[in-house]
Every structure is written in structure tokens, then in C-alpha cells.
Amino acid sequence: MELRSIADLEKLIANPGRKYREQYAHTYAIDALRTLAASDVLPEDIRVLVQRVYDLHEKASDPFLGMDLPTTE
């Protein structure tokens, strides 16, 4: 498993004044979840839960969620 996301989060903690720190923290944490969900280091049942959390986050973060946009057909 790649530990880069964890190291990036630790760097953000060491530099609390970094511009856009909260957004970077969010991105790094989601990257870590994605990596865990795709890895083989977790038991299957836990990996499936991590994948589900990641998928739900992606859907909940969709800026168009709940919009009834017209389709062109």
C-alpha cells in the first residue's frame, strides 16, 4: 500500500498555516481511502466497507446531486 497520503497528511499537520490546508487534508484522506479499497492488505469484508464509504463520498460530493437537469434527446 502506498503511504504517500499518510505522509502528506502528516506534513499538513506540521504546517497548519498552509493555504487551503483543509482542502488538501480532504483530498489526501480520500486518496488514502481509495488506495485502501483497491489494495489486498485488508480482509475482504473490511475492504468492501472501505470501498462503500469511498463510493458514498463520491456520490455525496457530486455538485449535481439532486438536480433535475434536463436531458437533450
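The values are calculated or read from the model by the stated rules, or taken from the named source; none is laboratory data. No experiment lies behind these values; they were computed from the predicted model shown. Because the Cβ atoms are built from the backbone with ideal geometry, glycine has one as well, and the counts that use them run over all protein chains shown. When the accessible area is computed, the model is the full protein with side chains, heavy atoms only, and any ligands, DNA or RNA have been set aside. Shrake-Rupley method; radii C 1.70, N 1.55, O 1.52, S 1.80 Å.
Once both labels are positioned 7 Å from their Cα atoms along Cα-to-Cβ, the gap between L42 and D62 label points is 2.2 nm.
Full extension of the chain between T72 and I6 yields a length gain of 19.4 nm, computed as 0.36 nm times the residue separation minus the alpha carbon distance. Computed with a 1.4 Å probe over protein heavy atoms only, the accessible surface of the chain comes to 81 Å² per residue. Against the main long axis of the alpha-carbon atoms of the chain, helix 21-38 sits at an angle near 80°.
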